[in-house]
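What follows is a short report on a single structure.
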Amino acid sequence: MDMIRSIVEAREVTVLRQGEEKKILLPELSLLDVAKEDPMFVDVFYPNVVDSVLPDGGFAKVGIQKGDSLVTNNKK
């Protein structure tokens, strides 16, 4: 849960997509909403790999895609 909290509290994340890093600005998100997503947003491994993104969810709206690896975040 701490890993998910860290992502939710971040305003910016860097993802590794097909070998290239990409910075993505995140909207304000609810930890409870993200924790309840089924399937889970990320696997608990480093780097965190996005397993799925809800089509109308906040992560999809900012451009995070399935298979992205979250390698850093800029926690607010």
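The values are calculated or read from the model by the stated rules, or taken from the named source; none is laboratory data. Remember, it's a predicted structure, so these values are computed and weren't measured experimentally. So basically every Cβ, Gly included, is an ideal-geometry build from the backbone, and we count neighbours across all protein chains shown. Accessible surface areas use protein heavy atoms only, side chains included; no ligands, DNA or RNA. Shrake-Rupley method; radii C 1.70, N 1.55, O 1.52, S 1.80 Å.
For (1) at pLDDT 80 or above; (2) open to solvent by 30 Å² or more (accessible area, probe 1.4 Å); (3) on the phi < 0 side of the Ramachandran plot; (4) not acidic (D, E), each residue gets a yes or a no:
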| site | (1), (2), (3), (4) |
| --- | --- |
| M3 | no, yes, yes, yes |
| E9 | yes, yes, yes, no |
| V13 | yes, no, yes, yes |
| G19 | yes, yes, no, yes |
| K22 | yes, yes, yes, yes |
| P27 | yes, yes, yes, yes |
| S30 | yes, yes, yes, yes |
| D33 | yes, yes, yes, no |
| K36 | yes, yes, yes, yes |
Original post:
In the range 47-62, what count of residues is obtained for those that are open to solvent by 40 Å² or more (accessible area, probe 1.4 Å), under 16 Å from A10 (Cβ atoms) and part of a strand (DSSP E or B)?
Top reply: 0
